[in-house]
Every structure is written in C-alpha cells, then in structure tokens.
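Asker: My questions will all concern the structure given below.
The values are calculated or read from the model by the stated rules, or taken from the named source; none is laboratory data. From a predicted model like this one, the values you see are computed outputs, not experimental measurements. Every residue, glycine among them, receives a Cβ derived from its backbone with ideal geometry; neighbour counts consider all protein chains shown. Just so you know, the surface numbers come from the protein's heavy atoms only, side chains and all, with ligands and any DNA or RNA stripped out. Shrake-Rupley method; radii C 1.70, N 1.55, O 1.52, S 1.80 Å.
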Amino acid sequence: MIQLAVLDMAGTTVADDGLVERAFTAAIGAQGIEPGSDRCDAMIAHVRATMGESKITVFRHLLDSEQAAQAANQAFETAYGTLIDDGLKPVDGAEDAIRHLRDQGVKVCLTTGFSETTQQRILVALGWDGLADLTLCPAQAGRGRPYPDMVLTAVLRLEADAVAAVAVVGDTAYDMTTGIRAGAGIVAGVLTGAHGRQQLEAAGATHVLESVRDLPGLLLDRRLEK
C-alpha cells in the first residue's frame, strides 16, 4: 500500500504556463546573452530537456564559472518571484487531490528544483502553507533531481515503511528518473507540464496520468486490487 506521495510542484501541482522558461530567459539575458541568439536558443533547448533538475545545476552546466552560475541563479529566482507576484495558479484539482490523499492516510511531500525561498513564496501565494506534510528543495536534501535524495529524505522524515510504499509524481523525465533511482513503487508522469507521454515512458514511468488529480483514483484502484 502506498504510504507516501512525493509530488513535484511546477508543472505537476502548480500550473507553469511557461513561467519557468520565461524566468530562465531573463536570467540568461542578465548574463549578457542576447535573447533570440543561437547561444540563447541552445541554452533554452537544454533547459527544456532538463526541466525538473536543480536550477543551480543547470546554470553551472550552461555558464563558464561558478560566479556566473550563482548570479544567473539569483536572477532566475528574482524573475520567477516577480512572475509569482503577477499571478500563480494551481493545477486544476491539485489541492483537492492532496487533501484527498491525506484524508486517506497517505502522507504528502511537495518537492521542487527551486530554492527554499522561492518554494515558500509559491506556497504562500497559493495559500498552501501547511497543505502538505513536508516540503523539500535540493538544498534541504543534498542533491536535486535526477538524484533520489529528496525522495529518500521524505521517506526518512515521514517514516514510510519502505521505498516501495512511495509514489513519485512529476511532469518531467528527471522526475521519473528520480523515482526509479529511489526505488519507488509508483513512478507516475503527468501531462500538465514540460514533457509528453513518450518522454515520460522512455524515462521509466510506471503510469502516465492526465493530471495529478487522477492520482487518488490510481492509488484506490491498487488498494482494491490487493
């Protein structure tokens, strides 16, 4: 039986609407890379391919120095924070799904590749403070996706009996890789974010759902099967 659901935020429980890519574009521009240039386009292509990864890790890959990566990461956080202030929405049905899971005795952890500061701004903007049992960002667990650290930290902090009793849910291939590496019993992709069915299945998804709102039904079906 699934005891713990580890849910991604942007694109999975929080509507993205291109906000992450817009913030990346602003951050890259702040480093003097002209929007629309070949270099900028190549960087954005990398960003799309690695959606879900820790943001500072992405900037370290793209830029020539740690100083430039840190500056770009700060510019990204600032730009995304401004977009949060302009209006942020949950994925339709996500809050109800989280509440339903907890009502059924399933603990919920919300994870992100953002910093803790940005994660908390998102939670406050949505009125989600206290909605989940736990929230984690890469700095609180060790490494970000595609490493399993956030999932395994949630297992320890929320005292799941086994990693097989965990469902990992996200909208990117890196979310799927994280779940597989952690040994999760369910690794479910959702079609509300960055990657499509083919990418999610290629990355090892055990299930592909239209939305996180379908997760409670999936877990109920598994219980009935047993």
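Asker: Which residue, Met150, Thr50, Ala69, has the largest displacement toward the positive end of the dipole of the chain when charges sit on each Cβ (Lys, Arg +1; Asp, Glu -1)?
Answerer: Of the listed residues, the answer is Met150.
Asker: In a Gaussian network model over the chain where Cα atoms closer than 10 Å are linked, find which of Ile180, Ile98, Ile33 has the largest mean-square fluctuation.
Answerer: Ile33
Asker: Let's see if you can work this out: charge +1 on each Lys and Arg Cβ, -1 on each Asp and Glu Cβ, no other charges. What is the dipole magnitude of region 61-165 about its Cα centre, in debye to the nearest 20?
Answerer: Values: 8 positive and 15 negative charges, 35 e Å.
With Lys and Arg at +1 and Asp and Glu at -1, about 160 debye.
Asker: OK, next. Which one, Cys40, Ala79, Val124, is farthest towards the positive end of the dipole of the chain when Lys and Arg carry +1 and Asp and Glu -1 on their Cβ?
Answerer: Val124
Asker: How high is the relative contact order of the chain? Use alpha-carbon pairs under 8 Å, at least six apart in sequence, and give a whole percent. Walk me through the numbers before you get to the answer.
Answerer: Values: 407 pairs, mean separation 58.3, N = 226.
Dividing the mean separation by the residue count of the chain yields 26 percent.
Asker: Here is a further query. Report the local net charge at Gly142: Lys and Arg +1, Asp and Glu -1, summed over other residues whose C-beta lies under 15 Å from its C-beta.
Answerer: Taking every other residue near Gly142 into account, the sum is +1.
Asker: Ok, one more. Taking all protein chains in place and a 1.4 Å probe, what share, in percent, of the accessible surface of region 19-120 do carbon and sulfur account for?
Answerer: Numbers: 2160 of 4820 Å².
Exposed carbon and sulfur together represent 45 percent of the surface.
Asker: I would also like to ask the following. What number comes out for accessible area per residue over region 67-225 if the probe is 1.4 Å? Units Å², please. Intermediate results must be reported in sequence, preceding the final value.
Answerer: Details: 7080 Å² over 159 residues.
On a per-residue basis, 45 Å².
Asker: Rank Thr13, Thr172, Thr82 by mean-square fluctuation in a GNM of the chain with C-alpha springs under 10 angstrom and give only the top-ranked residue.
Answerer: Looking only at Thr13, Thr172, Thr82, the largest GNM fluctuation is found for Thr82.
Asker: Would you mind pulling out the separation of the Cα centroids of region 165-200 and region 97-148, in Å?
Answerer: So the separation of the two Cα centres works out to 16 Å.
Asker: Could you calculate the contour length gain from Thr117 to Thr82, that is, 0.36 nm times the residue separation minus the distance between their Cα atoms, to one decimal place in nm?
Answerer: Between Thr117 and Thr82, full extension yields 11.3 nm more.
Asker: While we're on this one: Nothing charged except the Cβ atoms of Lys and Arg (+1) and of Asp and Glu (-1): what's the magnitude of the dipole of the chain about its Cα centre? Round to the nearest 20 debye.
Answerer: About 480 debye.
Asker: Considering the options Thr25, Ala5, Gly183, tell which one lies farthest towards the positive end of the dipole of the chain, charges being +1 on Lys and Arg and -1 on Asp and Glu at the Cβ, about the Cα centre.
Answerer: Result: Gly183.
Asker: For a test of the definition: using alpha carbon positions, the gyration tensor, and the 1.5 limit on a/c, classify region 97-226 as rounded, prolate or oblate.
Answerer: Here region 97-226 falls in the rounded category.
Asker: With a length cut of 24 Å (Cα positions projected on each helix's long axis) and a Kyte-Doolittle mean of at least -0.5, go through the chain and give me the DSSP H helices that pass.
Answerer: Helices meeting the span and hydropathy rule in the chain are 66-86.
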